[in-house]
1. Is the shape of segment 92-208 rounded, prolate or oblate, going by the alpha carbon gyration tensor and its root eigenvalues a ≥ b ≥ c, with a/c under 1.5 for rounded and a/b larger than b/c for prolate?
2. Once you place label points 7 Å from the Cα toward the Cβ at GLN199 and LYS147, how far apart are they in nm?
3. Report the Cα centroid-to-centroid distance between segment 5-62 and segment 129-189 in angstrom, as an integer.
4. Name the residue, out of ASN134, ASN43, ASN33, whose mean-square fluctuation peaks in a Gaussian network model built on the chain with Cα pairs under 10 Å.
5. Within 10 Å, count the other beta carbons around each residue, average over each peptide in 163-169, 58-64, 124-130, and list them highest first.
6. For the chain, what does the convex hull of the Cα positions come to per residue, in cubic angstrom?
7. Along the Cα→Cβ direction, 7 angstrom out, place labels at ALA114 and SER183. What is the inter-label distance in nm?
8. Go ahead and set up a Gaussian network model of the chain, Cα springs under 10 Å, then flag whichever of PRO116, PRO195, PRO135 fluctuates most.
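Just so it is clear, none of the values below were taken in a lab; they were calculated from the coordinates. What you see is a predicted model; the values in this text were computed from it and never measured. So basically every Cβ, Gly included, is an ideal-geometry build from the backbone, and we count neighbours across all protein chains shown.
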Amino acid sequence: MIERKRIKVSEIFFIIFLLLVLALFLLIAWRYNVLCDLSKQNNLNLNKSNYYYYSKNNETITEYWKKDNVAKLNMKQINSDRDVTFWRNGNTGEEYTFYNMTMEYTEDGGMFSARPTSITTSYDNFNKFLLALNPTVFIWTKEYDGKECLDIKIGEQEELIEKETGLLLSTSSEGNVKRLSYSFDTVTDEDVRMPDISQYKLQEDKTNKSF
């Protein structure tokens, strides 16, 4: 009799264990699918030929304009006079960097990837799977700026990503908060016009000039 009770208790614990494993598997699969869907939506929007975004954190204001194959990126430091404009024409291969504080320019590119960086949308599928497995990653729904978002926390970093578009709207880490906004099909030729190079002088020494 006692032996039968022990068997039943063991069976119950085994069933509970299987249910927990199944629940964990479903949670991991859900998290992975969520991350893949966000990344897909993000790529669809940021691969468009005409869009603008603005971002601001504790130190830097960034503005980016793209129209067809022409792009312009401006970065300003809030607590200093540093102001740099990167301009690129994908049709001609021309790239310039304009240092607006010293009114100098260089004939090199310098424009790094202009996309807003996001831990959850920039990784490949394998790394998304690792994120889905990570017990320190938390995902839940949250309304932000009137939009339905996913609030994703990874350790000390937190990201708010719009569910419909996959666009990063806010990120915070160690007290540094960055907020972003976007507009599509609003960029004009004037917005992506190259700065008037005649107002700048060619910089001879490029080694000491960085944002």
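1. Details: a/c = 2.64, a/b = 2.03, b/c = 1.30.
Taking the square roots of the gyration eigenvalues as a ≥ b ≥ c, segment 92-208 is prolate.
2. For GLN199 paired with LYS147, the spin-label model returns 3.2 nm.
3. Measuring centre to centre over Cα atoms gives 13 Å.
4. ASN134
5. On the way: 163-169: 20.0, 58-64: 15.1, 124-130: 12.9.
Result, highest mean first: 163-169, 58-64, 124-130.
6. Dividing the Cα hull volume of the chain by its residue count gives 163 Å³.
7. Here the answer is 1.6 nm between the modelled labels.
8. Answer for the Gaussian network model of the chain: PRO135.
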